[in-house]
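Taking it in order: structure first as structure tokens, then the write-up.
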Amino acid sequence: MPREINSVAIVGGGFMGAGIAEVSAVAGMPVVVRDLPQFLDAARGRVETSLAGAVKRGKIDQAKRDEVLGLITFTPDLKDVASADIVIEAVPEILDLKVSLIKELDELVSPGNVIATNTSSIPIAELAGKVQHPGRVVGVHFFSPVPVMKLVEIVVALDTDPEAADIAFAFAKKLGKHPIRAKDRAGFIVNLLLTGYIMAAIRMYEEGFASREDIDEGMRLGAGHPMGPLTLADMTGLDIVYSVATRYMRSSSARSTRRRRCSSG
């Protein structure tokens, strides 16, 4: 049995980070959310607003709302995350920022504890390749909005310790999520598949083949999708769509080059 996670820390209190903090606290675990001082009030506000909505919809009562908020600590000090059983980075999707942060966490977080990244597009090997202990770095990709979406991708790089992956998998299940395992490639499973679909819709619209409304309605009513590809692109974030598409094209080009070299050699 993998070691159980009993305490959580999240670095980054944005939309995703606040959502991860909320579901972790709802599951009964103490949570530390670290962000820059100027962003802490906004991070707290995101959690409070989400919980207020849950109370209004009858998902939880006021007592549970108060209990959840009581389990979450907001701090500007990165050192406050050091002892958590799992530390999840949820900062913006900027490679240099994430690499720098994970290097800091690798030096700071207690030995043996898991360092997870919520990246939606960057290969885990690119983030863990420059730290001393890459084996404890694993992808734990939540979907937005975190309190609602059940899926979590557990992304395992070549250097990821199987125990770290098993711990992350069990952690996601403890949150009431449905974890799936993915190997390490830009976009992982869901975003990699969705990106081709979304890009085809964008090209179709760009070429004047059909209107935005008809493209979305075609897939919603004809294929049973809850929303069309262009609406999905907006919901996902065009920055993320662009990031996954760019990384996928680079990796595909690199694989094609390797295959040509192998066949010619």
- Item | Hits in the stretch 36-63 - residues which are open to solvent by less than 50 Å² (accessible area, probe 1.4 Å) and without any contact (Cβ under 8 Å) to a residue 60 or more places away in the chain | 40, 42, 43, 45, 47, 51, 53, 55, 60
- Note on the structure: Scanning the stretch 84-112 for residues that are out of contact with any strand residue (DSSP E or B) (no Cβ under 6 Å at 6 or more places or on another chain), at pLDDT 95 or above and over 19 Å from residue 36 (Cα atoms) gives 85, 106, 107
- Task: Could you pull out the residue among 157, 164 that is within 20 Å of the chain's Cα centre (by Cα) and free of Cβ contacts under 8 Å to residues at least 40 places away in the same chain?
- Result: 157
- Query: Counting only residues that are outside any loop (DSSP other than H, G, I, E, B) and out of contact with any Pro (no Cβ under 7 Å at 6 or more places or on another chain), how many does the stretch 55-86 have?
  - Reply: 20
- Query: Can you pull out the residues in the stretch 237-254 that are without any contact (Cβ under 8 Å) to a residue 60 or more places away in the chain, part of a helix (DSSP H, G or I) and not hydrophobic (A, V, I, L, M, F, W, C)?
  - Reply: 242, 246, 252, 253
- Query: What residue, of 122, 102, is hydrophobic (A, V, I, L, M, F, W, C), open to solvent by less than 10 Å² (accessible area, probe 1.4 Å) and part of a loop (DSSP other than H, G, I, E, B)?
  - Reply: 122
- Query: Of the residues that make up the stretch 18-32, is at least one within 17 Å of residue 80 (Cβ to Cβ), modelled with pLDDT of 95 or more, open to solvent by 30 Å² or more (accessible area, probe 1.4 Å) and not in a helix (DSSP H, G or I)?
  - Reply: yes
- Scan the stretch 162-210 residue by residue and report those that are modelled with pLDDT of 95 or more, part of a loop (DSSP other than H, G, I, E, B) and open to solvent by less than 50 Å² (accessible area, probe 1.4 Å). 175, 176, 177, 210
- Result of the Cβ filter at 9 Å on the stretch 196-222, keeping first residues that are over 23 Å from residue 246 (Cα atoms) and partners that are of a type in the set (Lys, Arg) and in a helix (DSSP H, G or I), at least 6 apart or interchain, is 209/203
- For the stretch 33-62, enumerate the residues that are closer than 27 Å to residue 82 by Cβ, among the acidic types (Asp, Glu) and touching a helix residue (DSSP H, G or I) at 6+ places or on another chain (Cβ under 8 Å). 35, 48
- Please work out which one of (1) assigned to a loop (DSSP other than H, G, I, E, B); (2) within 14 Å of the chain's Cα centre (by Cα) is the condition residue 130 fails and give its number. (2)
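The values are calculated or read from the model by the stated rules, or taken from the named source; none is laboratory data. A quick note: this is a predicted structure, and the numbers were derived from the prediction, not measured. Note that we place each Cβ from the backbone using ideal geometry, even for glycine, and neighbour counts take in every protein chain shown. Accessible surface is based on the protein model in full, side chains and every heavy atom, while ligands, DNA and RNA are left aside. Shrake-Rupley method; radii C 1.70, N 1.55, O 1.52, S 1.80 Å.
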